[in-house]
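Colleague: Encoded as structure tokens, here's the structure I'll be asking about.
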């Protein structure tokens, strides 16, 4: 279209008017500024302060700047309280415990308090103050027991020979077998024939469990 056309000015005026109306409508949709005596729109949020987290004032651009310059979240707190707050903020204000302490702050060092699982593992590897590893171990045992078939009489007898319960895992059977072999080996008992007989029973029981798929 040529700029000399009689329709050009109408299009230009119409576009400018629509833009002005759209801007005015947008301003009307905005909340009013909450600064006392201000009648401008307040599209900018400003926090209300400590104890009112998640709540905001609505200010115009001039008053939100003025508010932010004087805003102090720690107003009314002494230096010690501010330091404690900043320290807690590093963990999201969630409770924490010292290393080696139980869930309720109970020490788990040998000779002191702590959970039952923690007391049972003292001196046997890394400490587990929150008993996570104990929980995982018990969960694994329960899952293994659920997916395991019923133990047959000869299998139970073989487990009894090794001094193990019906719920013993393959790892426990292997570990127990190695332990009993060392304990009853003739070389460790001066060639005692009773040890030889006991060792033979242990080997037979272990081989049967292995054949049955329990090892």
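The values are calculated or read from the model by the stated rules, or taken from the named source; none is laboratory data. Just so we're clear, the structure is a prediction, and the values are computed from it rather than from any experiment. Backbone-built Cβ (ideal geometry, glycine too); neighbour counts: all protein chains shown.
Colleague: Restricting attention to the range 123-138, does a residue exist that is out of contact with any helix residue (DSSP H, G or I) (no Cβ under 9 Å at 6 or more places or on another chain) and modelled with pLDDT of 85 or more?
Modeller: Taking every residue of the range 123-138 in turn, none turns out to be out of contact with any helix residue (DSSP H, G or I) (no Cβ under 9 Å at 6 or more places or on another chain) and modelled with pLDDT of 85 or more.
Colleague: Return yes when residue 183 is surrounded by 12 or more Cβ atoms within 10 Å (Cβ to Cβ) and in a loop (DSSP other than H, G, I, E, B) and no when it is not. Lay out the reasoning, then the answer.
Modeller: Values: surrounded by 12 or more Cβ atoms within 10 Å (Cβ to Cβ): yes; in a loop (DSSP other than H, G, I, E, B): no.
Spelling it out, it is not the case that residue 183 is surrounded by 12 or more Cβ atoms within 10 Å (Cβ to Cβ) and in a loop (DSSP other than H, G, I, E, B).
Colleague: Can you tell me how many residues in the range 195-215 are under 14 Å from residue 180 (Cβ atoms) and in a helix (DSSP H, G or I)? Talk me through it step by step, then tell me what you get.
Modeller: The first filter runs over the range 195-215 and keeps only residues under 14 Å from residue 180 (Cβ atoms), leaving 195-207, 209, 215.
Narrowing the set further to residues that are in a helix (DSSP H, G or I) leaves 195-207, 209.
Residues flagged as under 14 Å from residue 180 (Cβ atoms) and in a helix (DSSP H, G or I) within the range 195-215 amount to 14.
Colleague: Report, ordered by the first and then the second residue, all pairs with beta carbons closer than 7 Å, sequence separation of six or more or different chains, a first member in the range 182-202 that is under 12 Å from residue 161 (Cα atoms), and a second member that is at pLDDT 80 or above and in a loop (DSSP other than H, G, I, E, B).
Modeller: 199/185
Colleague: While we're looking at this one, here's another question. Can you name the residue in the range 49-70 that is surrounded by 13 or more Cβ atoms within 10 Å (Cβ to Cβ) and over 29 Å from residue 25 (Cβ atoms) and, of all such residues, is farthest from the chain's Cα centre (by Cα)?
Modeller: Here the answer is 49.
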